[in-house]
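Undergrad: Got a structure for you, written out below as structure tokens; questions coming shortly.
The values are calculated or read from the model by the stated rules, or taken from the named source; none is laboratory data. Quick caveat: nothing in here was measured; it's all calculated off a predicted structure. Ideal geometry is used to build each Cβ from the backbone, glycine not excepted, and the neighbour counts take in all protein chains shown.
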Amino acid sequence: MHPDIHLALYNARAAELRAEAGVRPAARNRNALRTRLGWTLVEVGLRLATRPGTAAAVH
């Protein structure tokens with residue numbers, strides 16, 4: 001195939017994906033950050049709860 005055809009197909013697919021992604025990518029980024037922060041807090045809490053010498057480990 002000619003390189004221009006690959007570029008045209010790439011641009012068409014990129015436009016389709018942008019349309020499917022929706023109008024508000026900033027909200028998606030905010031939700032991704034919130035989710036990542038939430039799981040990080042869960043991980044820290046689990047590490048604190050299972051650390052030797054804590055009250056949770058004694059009971």
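Undergrad: Assess whether Ala21 counts as being at pLDDT below 80, touching a Lys or Arg at 6+ places or on another chain (Cβ under 9 Å) and not β-branched (Val, Ile, Thr). Break it down into steps so the answer makes sense when it comes.
TA: On the way: at pLDDT below 80: yes; touching a Lys or Arg at 6+ places or on another chain (Cβ under 9 Å): yes; not β-branched (Val, Ile, Thr): yes.
Yes: the conditions hold for Ala21.
Undergrad: All but one of (1) surrounded by 10 or more Cβ atoms within 10 Å (Cβ to Cβ); (2) at pLDDT below 85 hold for Thr50, so report the exception by its number.
TA: Failing condition for Thr50: (2).
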